[in-house]
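The values are calculated or read from the model by the stated rules, or taken from the named source; none is laboratory data. If you're wondering where the values come from, they're calculated on a predicted model, not measured in any experiment. Reconstructed Cβ throughout: ideal geometry from the backbone, glycine too, with neighbour counts over all protein chains shown. Accessible surface areas use protein heavy atoms only, side chains included; no ligands, DNA or RNA. Shrake-Rupley method; radii C 1.70, N 1.55, O 1.52, S 1.80 Å.
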Amino acid sequence: MNDINDETRDQLEQDIHEADLAPEGDDTAVVDALIAERDQWKDRALRAVAEAENVKRRAETQQNDARAYAIQRFAKDLLGVADTLERGLATVPKDAEGPAAAMLTGLELTQKSLLSAFEANGLTRVDPAPGDAFDPHLHQAMMEQPSDTVPGGAVIQTLQPGYALFGRTVRAAMVVVAAKGSGSAAGGAYADPNTTGGNFDAKA
């Protein structure tokens, strides 16, 4: 009887042990599969979000480009008006009186209003001052000459202002650029009225 009980007890313990191990193994496999599936869907979701952001950025860029292109030709046509006003202002003496003074005031107000309308629509004036660094993206060098006040490579004078639309150059500013070797240190060389840009020697 004891032998039977011992044998039965041993079998029962073995069955219990196997029963305890089998579900644990199956559950681990199921959990691993669920984790893998979760990671897969998480990766897909992240990729979808990233793609949506890329599409949004491309759409915004295309929209800005389309807007800029749509008004670029119109802006170029208006630059002729701005140039005419500029020339008109240059012909009227600053100390004018009577009708000439009234005309000068009218031209100045018209120019101010036009430039304000330009800026409100993203068209900004590019008018470098003497001594400003030459920027090939915004400026066009029409000539180069020595200077005793402006360092080499800097703008000496603006012949015609330029304009940029949303950061893109519509028309480069036409400028005079200081020759290499220019600056206060070279003032003595330029002080001589017989010295010309063509005969300028940077080693002198």
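Which of the strands (runs of 3 or more DSSP E) found entirely inside the range 146-187 contain at least 2 residues meeting this: open to solvent by 30 Å² or more (accessible area, probe 1.4 Å)?
155-160, 168-171
Is at least one residue of the range 37-60 closer than 30 Å to SER116 by Cβ, assigned to a helix (DSSP H, G or I) and at pLDDT 80 or above?
Taking every residue of the range 37-60 in turn, at least one turns out to be closer than 30 Å to SER116 by Cβ, assigned to a helix (DSSP H, G or I) and at pLDDT 80 or above.
Where residues in the range 112-145 are open to solvent by 80 Å² or more (accessible area, probe 1.4 Å) and in contact with a Leu (Cβ under 9 Å, 6 or more places away or on another chain), which of them is nearest to SER182 (Cα to Cα)?
MET143
Can you say whether ASP83 is part of a helix (DSSP H, G or I) and open to solvent by 70 Å² or more (accessible area, probe 1.4 Å), as far as the supplied structure shows?
In short, no.
On the given criteria, is GLY131 at pLDDT below 85 and either outside any loop (DSSP other than H, G, I, E, B) or not hydrophobic (A, V, I, L, M, F, W, C) (or both)?
no
Mind counting the residues in the range 86-109 that are acidic (Asp, Glu), without any contact (Cβ under 8 Å) to a residue 40 or more places away in the chain and assigned to a helix (DSSP H, G or I)?
1
For the range 55-70, does any single residue satisfy the condition of being closer than 30 Å to TYR163 by Cβ and touching a Lys or Arg at 6+ places or on another chain (Cβ under 8 Å)?
Yes, because at least one residue in the range 55-70 is closer than 30 Å to TYR163 by Cβ and touching a Lys or Arg at 6+ places or on another chain (Cβ under 8 Å).
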